[in-house]
1. Mind pulling the angle between the C-alpha long axis of helix 238-250 and the longest principal axis of the chain? Nearest 10 degrees, somewhere in 0 to 90.
2. Rounded to whole Å, give me the distance from the Cα center of the range 258-288 to that of the range 32-62.
3. For Ala313, list long-range residues whose amide hydrogen, built 1.01 Å from N in the peptide plane, is under 5 Å from its own amide hydrogen.
4. Relative to the longest principal axis of the chain, what angle (0 to 90°, nearest 10) does the C-alpha long axis of helix 112-123 take?
5. Which ³J(HN,Hα) values in Hz, rounded to whole numbers, follow from the phi angles of the range 195-208 under the Karplus curve 6.51 cos²θ - 1.76 cosθ + 1.60, where θ = phi - 60° and Gly and Pro get x?
6. Roughly how tilted is helix 23-32, in degrees to the nearest 10 and between 0 and 90, from the longest Cα axis of the chain?
7. Just to verify a number: FRET efficiency for Lys48 and Asp156, C-beta to C-beta distance, R0 = 30 Å, to 0.05?
8. To the nearest 0.05, how large is the calculated FRET efficiency for Lys222 and Ile260 if R₀ is 51 Å and r is the Cβ-Cβ distance?
Amino acid sequence: MEKPDLLNALKSKRILVTGGTGSFGHQIIRELLNYDPESIHVYSRDEKKQYDMAMSYRGNGLLRFNIGDVRDFDRTREAMRGVDIVFNAAALKQVPNCEYAPFEAVKTNIVGANNVRRAAIEAGVQTVISISTDKAVKPVNVMGMTKAIQERIMLDPTYSSDQTKFLCVRYGNVLGSRGSVVPLFFDFIQKKLPLPITHPDMTRFQLTLKEAVQLVLWATVKGESGDLWVQKMPAARIPELGRALAYGLTGKKDYPINIIGMRPGEKMHEVLVSEEEMWRAAELENHYLIPSWAKSQNKEGLQNVNISEYSSAGTHQLTQDEILKMLEMDGWFGPNAKAKAAHGIEISEE
Ligand SMILES: NC(=O)c1ccc[n+]([C@@H]2O[C@H](COP(=O)([O-])OP(=O)(O)OC[C@H]3O[C@@H](n4cnc5c(N)ncnc54)[C@H](OP(=O)(O)O)[C@@H]3O)[C@@H](O)[C@H]2O)c1
């Protein structure tokens, strides 16, 4: 994505990020600051996370912090007053939490999304981009089911507005994001414990937070209302991921693993574009576009793809070297090891 395109889309804009204190929120805000927005508004519930973020941006006059909950329509609409672009990243995203408290997931991921949509229309927002996940495709767990409905709500053609365009972006596991497997493995390795692996053949799509943000910005510039964008990405077998992290941190090639069995609501492989969606998807060099129904019916400018579902078992499987490079670039070890600081832990180099 060229800088002028992004400047054109983001310069002088008032931008609100729901879930702005989360992993995605932090990264997109860092990136947005490069494109001269008029202001960036963080919208989330916990004041401690907002306080810490405000401290880290002390002296930067562009950031505004709004305490609020997407479950609360009035507050969400108030936070969107005067806003041009909304990135909707507020979510309950941990599979086990959503299994234990399904209706909490309904309230945040479904009712909250509906509030974001209604509030954006009422506040006259120009563009809303909502972040979705591979777990929303053929969902088997509550988190995925609620994110699937979130997509439908965001792209609902029957409740739309000429003024506000709505887009979704779907991607797989973000390497090292809060609550993901890399920080978990990192802690086990620090404690010299075997890595808990659910199943030796399990695969997951992998991308870095930077790549996730680039995809969202791409969709912001290129997308039309009703579009759902998916980026092509590699996958890794979970034991390979764990072993690569252990090798990078300890130098041991045969770090022990412990097979613990699959948990409720887990799939062996994830899917980013289902067979049922593929027939009307368009394939670009690095992306799939699942267009709105209206656009896919007239098919103009769309080129159908000829494969079955796009699954983490069928995409490029990262080699050990590629995983090592990805983890190093993401700062889990090597010269820029930010994970050390994030965890406040000294890594033993034995
Ligand atoms: N991480 C991944 O691997 C991954 C993969 C695919 C898609 N995604 C999607 O990307 C989005 C962002 O994920 P993330 O990794 O950044 O998650 P995260 O680190 O857990 O951040 C979630 C953010 O949402 C806020 N939030 C939660 N409930 C809220 C509510 N009811 N109202 C307002 N704010 C609320 C949280 O702050 P408070 O708790 O203070 O409110 C936090 O700022 C999610 O939609 C997720 O489904 C993530």
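1. 60 degrees
2. 34 Å
3. It is Glu270, by chain and number.
4. The two axes meet at around 30 degrees.
5. 7, x, 10, 5, 8, x, 9, 5, 10, 9, 4, 10, 8, 8
6. Roughly 60 degrees between the two axes.
7. Working: r = 35 Å, r/R0 = 1.16.
Plugging the Cβ-Cβ distance into 1/(1 + (r/R0)^6) gives 0.30.
8. Efficiency computed from Cβ-Cβ geometry: 0.75.
Bear in mind these aren't lab numbers, they're just calculated from the coordinates by the rules spelled out. In this text, all values refer to a predicted model and were calculated from it rather than measured experimentally. When we count neighbours, we look across all protein chains shown, and the Cβ atoms used for this are built from the backbone with ideal geometry, even at glycine.
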